[in-house]
1. Considering only the stretch 48-105, how many residues are among the basic types (Lys, Arg) and at pLDDT below 95?
2. So which residues in the stretch 27-45 are farther than 19 Å from Gln88 by Cα, free of Cβ contacts under 8 Å to residues at least 40 places away in the same chain and surrounded by 14 or more Cβ atoms within 10 Å (Cβ to Cβ)?
3. Looking at the stretch 60-72, I want the residues that are among the hydrophobic types (A, V, I, L, M, F, W, C) and have a partner that is part of a strand (DSSP E or B) and modelled with pLDDT of 95 or more with Cβ atoms under 6 Å, at least 6 apart or on another chain. Which pairs are those?
4. Across the stretch 49-58, what is the number of residues that are surrounded by fewer than 16 Cβ atoms within 10 Å (Cβ to Cβ) and of a type outside the set (Val, Ile, Thr)?
5. Answer yes if at least one residue in the stretch 21-42 is at pLDDT 90 or above and at positive phi, and no otherwise.
6. Counting only residues that are over 17 Å from the mean Cα position of the chain (by Cα) and among the polar types (S, T, N, Q), which one in the stretch 89-113 is nearest to Glu69 (Cα to Cα)?
7. Return the residues of the stretch 62-81 that are more than 20 Å from Lys105 (Cβ to Cβ) and surrounded by 16 or more Cβ atoms within 10 Å (Cβ to Cβ); say none if nothing qualifies.
8. Tell me, which residue of the stretch 87-109 that is without any contact (Cβ under 8 Å) to a residue 40 or more places away in the chain and among the aromatic types (Phe, Trp, Tyr) is nearest to Gly39 (Cα to Cα)?
Amino acid sequence: MRESKLAPNIRRENNKHSTLKNELEFAVKPLPTEIHGRGEVKGYLFNQISKTDKAFIYEVSSGGSKHYEVFLKRINHRYACISYPTSQGFGIWAWTFMDLESAVKKFNRLNTD
């Protein structure tokens, strides 16, 4: 076995089916369950409600208001992490809902496609 240069501390299995893609997915840093907003989302608190291999739901609160963000799982291969969408991703691979029921419906649709 040899150590990978792209994924430190992860060893490649010695078989012909081991691929760099699988190795990178194994080493991907997950999204935190709680995120304190910075930059354009400073002052917001993001709490993960649910996740699957395909999608996420986060409850977003600020002051007395809250809404829900549903988005597809996107892996940033450059930094080996899952990306939370920026404002440019909404309407394309991320969506905002004012109620949990609507967010769950979208989440379920994303997971059946």
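1. Of the residues in the stretch 48-105, 1 are among the basic types (Lys, Arg) and at pLDDT below 95.
2. Result: Leu45, single match.
3. Every condition considered, the pairs that remain are Val60/Phe46; Val60/His67; Val60/Glu69; Val70/Ile57; Val70/Trp95; Phe71/Phe56; Phe71/Ala94; Leu72/Ala55.
4. Number of matching residues: 3.
5. Looking for residues that are at pLDDT 90 or above and at positive phi, one finds at least one in the stretch 21-42, hence yes.
6. Of everything passing the filter in the stretch 89-113, Ser102 is nearest to Glu69 (Cα to Cα).
7. Ala80
8. Phe90
The values are calculated or read from the model by the stated rules, or taken from the named source; none is laboratory data. Everything quoted here is computed from the prediction, not taken from an experiment. Virtual Cβ from ideal backbone geometry, glycine too; neighbours counted across all protein chains shown.
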